[in-house]
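Peer 1: What follows is a single structure, and I will ask about it in a moment.
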Amino acid sequence: MELLLRIAAFFLKCMGFLLTPFFYLFNPYKKLKIPPNKNELLNIPVVDLAQKIRKKEVTSEQVVLAYIERIKEVNPMINALVEDRFEAAIEDAKRADRLVETTSEFLLITNYPILGVPFTVKESCSLKGMSYSVGSLHRKGIKASEDGETVALLKSAGAIPLLVSNTPEFCTSWESSNLVTGRSLNPYDTRHSSGGSSGGEGALIGCGASLFGIGSDIAGSIRVPALFNGIFGHKPTGGLLSVVNHFPFSPDERFSNYLVVGPMCRYAKDLPTLLHIMAGKKADKLRLNEPLYTKDIKIFYKESAGFSLVDIPVQEEIKIAIRNAAEHFRMNGLEVSEAPMGSLQELIECGLAQFFAIQDIPLILRDTENPKKIHSVYKEIFKSIFGLSKYSFAGLFFAFLYETNGLIPKRKISKYVTMFESYRQEFLKMLGDNGVLFYPTYPTTAVRHNDSHLKLSGVAYTMIFNLFGFPSTHVPLGQDRNGLPVGFQIVAAPYQDRLCLCIAAEIEVAFGGWKQPF
């Protein structure tokens, strides 16, 4: 345990107790009521919608126009859109409809399994011709020259991209706010955060303005927005999906294992199809087409990482959601038990030691005109307090943590790396090839704007599984007393993604899955 790190965490926790009431009383954002979906086309899962398009029950153009109308209706309230390609998407839809008219249904489902279905893309994942600033003033105006590989795979399968969505600067925050496109708001309560770094995607999907999207996740950036916005989000096995053309990127091999690209959507039944397409040539490793029976899966659950003076307590509604889900499977004959490991508090040190050992992470403070020059993080943080910096506070705070190795002395990193591997082996032994773990995605439901900076220890719940390389699926399970979405993550051993998806689909059927904001 690192004393300096714990003191800093305790200080942030105390500041949270003092400032959270301030965030409630002086929040500049009003609670806006998101209008409900009035078009039934917007409430059809991907796999069903693709089938309807193939069978000519609906046209792709009708679907794309419906989603464009919905985006225009809600985006002024949630500010999730960075740049759209609506006119090009309509032309793509017309081409898809012509293809349906001239091609057999068998060839369509074989070659274009999601033909004509619209989707959205997190800006950092690279959509050719669209904005690629990733929330940085110094990158403003930069356009993506190529599609990210997963974007290209979805397009090859017939899907139609509509836009790129908002992220924090360089994807370095659990709130999607930056100095280029501003702050994305939560559709369930616009006074709250939509999460990050895939917060634009989360907000659009959560309010029914997108059917599915591509997010990226290096420490919870798919799963935390999925929690905050009441949707499903899957972090695949590390290194499985390509992260080519993602920004930021590091040549360090560990980075491409920790950073993953994955699907975010409203319906769990869509996850296997989307993951299979996005995995490309590696899809066979996932065995998604092999028979899998829920009764053969073991369920483990853990309601928190354990007690600590510095940790953020897990909200009671999240604990109840985990218990209810575990009890559902126990009543249906599955083997269910509490996870046998004790406190996981030291995973914070282990995770930070692993994460900040990555080399050559792009730095927001590098001078674009003189790449050898790096601005002072301390000077820029001071300027940021007075609104004088050209960098976001969240980005600067990340730069500070990177510069200080997460407040862990370099001489101790090897100790925590060894401890990290011990934890990983313990998890692998528990999960095996047929076990999953129910575990909080984040300690609370969606935080008020800026409040995540005071609850940074909460990210340990998701980050550790990036570092382990384990797949993890966030599932929504109702709402708390304030109407904010509740849920938790389902974790499995590497390449056992299908276990997570199978259990997620059962939970959706049993508990209802995504619910519209109201």
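Peer 1: Considering only residues that are in contact with a Leu (Cβ under 8 Å, 6 or more places away or on another chain), closer than 30 Å to SER376 by Cα and surrounded by fewer than 20 Cβ atoms within 10 Å (Cβ to Cβ), which ones fall in segment 402-450?
Peer 2: If the condition is that a residue be in contact with a Leu (Cβ under 8 Å, 6 or more places away or on another chain), closer than 30 Å to SER376 by Cα and surrounded by fewer than 20 Cβ atoms within 10 Å (Cβ to Cβ), then TYR402, ASN405, LEU407 are the ones that fit.
Peer 1: If GLU83 passes every condition in (1) of a type outside the set (Phe, Trp, Tyr); (2) touching a residue at least 60 places away in the same chain (Cβ under 8 Å); (3) in a helix (DSSP H, G or I) but one, which one does it miss?
Peer 2: With respect to (1) of a type outside the set (Phe, Trp, Tyr); (2) touching a residue at least 60 places away in the same chain (Cβ under 8 Å); (3) in a helix (DSSP H, G or I), GLU83 is out only on (3).
Peer 1: Another one. Using beta carbons and a limit of 8 Å, which pairs, at least six apart or on different chains, have the first residue in segment 110-131 and under 19 Å from ALA96 (Cα atoms) and the second one basic (Lys, Arg) and buried (at least 20 other Cβ atoms within 10 Å of the Cβ)?
Peer 2: Pairs that qualify, where the first residue is under 19 Å from ALA96 (Cα atoms) and the partner is basic (Lys, Arg) and buried (at least 20 other Cβ atoms within 10 Å of the Cβ), are LEU115/ARG54.
Peer 1: Do you know which of the residues in segment 22-68 that are among the hydrophobic types (A, V, I, L, M, F, W, C) and in contact with a Ser or Thr (Cβ under 7 Å, 6 or more places away or on another chain) is modelled with the lowest pLDDT?
Peer 2: Looking at the filtered set, the residue picked out is LEU32.
Peer 1: Let me ask another. Considering only segment 248-305, state which residues are small (Gly, Ala, Ser), free of Cβ contacts under 8 Å to residues at least 24 places away in the same chain and farther than 27 Å from SER136 by Cα.
Peer 2: Step one: list which residues in segment 248-305 are small (Gly, Ala, Ser), which gives 250, 256, 262, 268, 279-280, 283, 304-305.
From what is left, the residues that are free of Cβ contacts under 8 Å to residues at least 24 places away in the same chain are 256, 283.
Answer for segment 248-305, where residues must be small (Gly, Ala, Ser), free of Cβ contacts under 8 Å to residues at least 24 places away in the same chain and farther than 27 Å from SER136 by Cα: just ALA283.
Peer 1: Across segment 400-412, what is the number of residues that are in a loop (DSSP other than H, G, I, E, B) and either under 17 Å from GLU175 (Cα atoms) or among the hydroxyl-bearing types (Ser, Thr, Tyr) (or both)? Reasoning before the result, please.
Peer 2: Of all residues in segment 400-412, those in a loop (DSSP other than H, G, I, E, B) come to 404, 408-409.
Right, trim to either under 17 Å from GLU175 (Cα atoms) or among the hydroxyl-bearing types (Ser, Thr, Tyr) (or both) and you get 404.
Of the residues in that region, 1 qualify.
Peer 1: Shifting gears a bit: Listed residues ALA460, ALA492; which is of a type in the set (A, V, I, L, M, F, W, C) and closer than 25 Å to PHE356 by Cβ?
Peer 2: ALA460
Peer 1: Please specify each residue of segment 86-109 satisfying the condition of being in contact (Cβ under 8 Å) with a residue 24 or more places away in the chain and in contact with a Pro (Cβ under 9 Å, 6 or more places away or on another chain).
Peer 2: Result: ALA89, ASP92, ALA93.
Peer 1: When you look at SER131, is it surrounded by 14 or more Cβ atoms within 10 Å (Cβ to Cβ) and in contact with a Phe, Trp or Tyr (Cβ under 9 Å, 6 or more places away or on another chain), yes or no?
Peer 2: Numbers: surrounded by 14 or more Cβ atoms within 10 Å (Cβ to Cβ): yes; in contact with a Phe, Trp or Tyr (Cβ under 9 Å, 6 or more places away or on another chain): no.
So SER131 fails the test.
Peer 1: All but one of (1) touching a Phe, Trp or Tyr at 6+ places or on another chain (Cβ under 9 Å); (2) in a helix (DSSP H, G or I); (3) in contact (Cβ under 8 Å) with a residue 24 or more places away in the chain; (4) within 27 Å of THR181 (Cα to Cα) hold for MET77; state the number of the condition that does not hold.
Peer 2: Condition not satisfied by MET77: (1).
Peer 1: Under the condition of being touching a strand residue (DSSP E or B) at 6+ places or on another chain (Cβ under 7 Å) and acidic (Asp, Glu), which residue from segment 298-342 is nearest to ILE503 (Cα to Cα)?
Peer 2: That would be GLU335.
Peer 1: Quick test of your reading of the structure: LYS56 fulfils all but one of (1) under 24 Å from GLY200 (Cβ atoms); (2) outside any helix (DSSP H, G or I); (3) in contact (Cβ under 8 Å) with a residue 40 or more places away in the chain; (4) out of contact with any strand residue (DSSP E or B) (no Cβ under 7 Å at 6 or more places or on another chain). Name the failing condition by number.
Peer 2: (1)
The values are calculated or read from the model by the stated rules, or taken from the named source; none is laboratory data. Bear in mind the structure is a predicted one, so any value in this text is a computation, not a measurement. Methodologically, a virtual Cβ is constructed for each residue, glycine included, from the backbone with ideal geometry; neighbour enumeration extends over all protein chains shown.
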